[in-house]
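All of the numbers you see were taken from the coordinates with simple rules; none came from a lab. It should be emphasised that the depicted structure is a prediction, and the values quoted were computed from it without experimental measurement. We place every Cβ from the backbone using ideal geometry, glycine too, and count neighbours over all the protein chains shown.
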Amino acid sequence: MSNEPTAKPESANANLAVRIATAAVGAPAILLILYRAPHWGGFLLIFIATLIGAWELFGMTHQEDPPSRMIGVGLTAAVSCVFYWCSGQPKHYIAMMIVVPLLGPLVTLLRLGDMKTAALRACAMSMGPMFVGLPLTLLAVMNRDIGLQTGVASDGPGFVILSIMLAWFGDTGGYFAGRFLGKHKLYPAVSPKKTVEGSIGGLAGSALGAVMAHFWYLPSLPLATGIGLALVAGALGQLGDLGESLLKRSTGVKDSGAIVPGHGGILDRVDALIMTGTVVYLYTLFRT
């Protein structure tokens, strides 16, 4: 999320134009896949994004170690596939939750490198595959399962779109509120450009996304519940954004990648979605 209190008008306008153009191309493709393609098509799209996100994450934590980077991507792929394809088999989930974190220190022992960064790399290898692989795969699981649970086929894609809107509308609201109203720094040690005003604008954007979902494509979501869900998910989405900023700042990286024009890398786009998608999934899991 970009909550800039100050920015050169020319560069800000150019960046905004690229963002809009990227969204204009990407949004219809996502909608087409979610609503028209087989469920495995949605998983394939998310799986590819997951692998790219893992590549970017381990590129930050294992900058001088391409083999470990590939191992991290492989573990992330395994986590994603187990969670999606072994649905209803808890023993596979339990095994994954035990084995993957234990592999982090073992991989680091085999690829020792600089002792000063060994702890960072061991922790990243333990939790990175879970951090990227699980939350993003939840989107594919919702797309496949929720419609079957509710008896309304469009509910599955609808809750996925809701997750995306809570993140992206929050991003957009934060961008404009921060650009035109931002004066008070939010967390300058981690992200100097983010402002309190931008954060409030982001929450308003997320709430707007929930209102649109209720009246447009997801009537099964009660309006009051949707707004409450948006505020919780939007706030956590902003924390996810700050968390990725913390990782980038601590590893000396400006953007996680450059694959998305105007947006940086995949992780730069899904840092909030990792949180909003998880909150929405938990809501669908425990709602009565």
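The table that follows gives values for the structure above.
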item	result
Placed amide H near T195: partners under 5 Å, 5+ positions off or other chain	N3, L186
Aspartates and glutamates with Cα under 12 Å of K194, excluding same-chain neighbours fewer than 8 positions away	E4, D171, D241
Environment charge at D155 (Cβ cut-off 15 Å; Lys +1, Arg +1, Asp -1, Glu -1)	+1
Computed Rg/Rh of the chain, alpha carbon atoms with Kirkwood Rh	0.97
Within a Gaussian network of the chain (alpha carbon springs, distance under 10 Å), most fluctuating of M275, M115, M125	M115
Loop trypsin sites (Lys or Arg not before Pro), region 197-288, which have at most 15 other Cβ atoms in a 10 Å radius of their Cβ (DSSP)	K254, R287
Order of K185, K91 under a 10 Å beta carbon neighbour criterion, fewest first	K91, K185
Cα gyration tensor of region 37-150 - equivalent ellipsoid semi-axes, whole Å, descending	29, 15, 9
Ascending count of other beta-carbon atoms within 10 Å, so fewest first, for V25, V79	V25, V79
Ranked list, fewest to most other Cβ atoms within 10 Å of each Cβ, for L57, L236	L236, L57
Global geometry of region 73-214, whether rounded, prolate or oblate, following the gyration tensor of its Cα atoms and the 1.5 cut on a/c	oblate
Kirkwood-type radius of region 145-259, with distances r between different C-alpha atoms, in Å	15.1 Å
Separation of alpha-carbon centers, region 80-110 and region 193-251, rounded to whole Å	30 Å
Selected from P90, P135, P219 as most flexible by GNM, with the chain as the system and alpha-carbon contacts under 10 Å	P90
Cα-based equivalent ellipsoid of region 197-288: semi-axis lengths in Å, sorted from largest, via gyration tensor	28, 13, 13
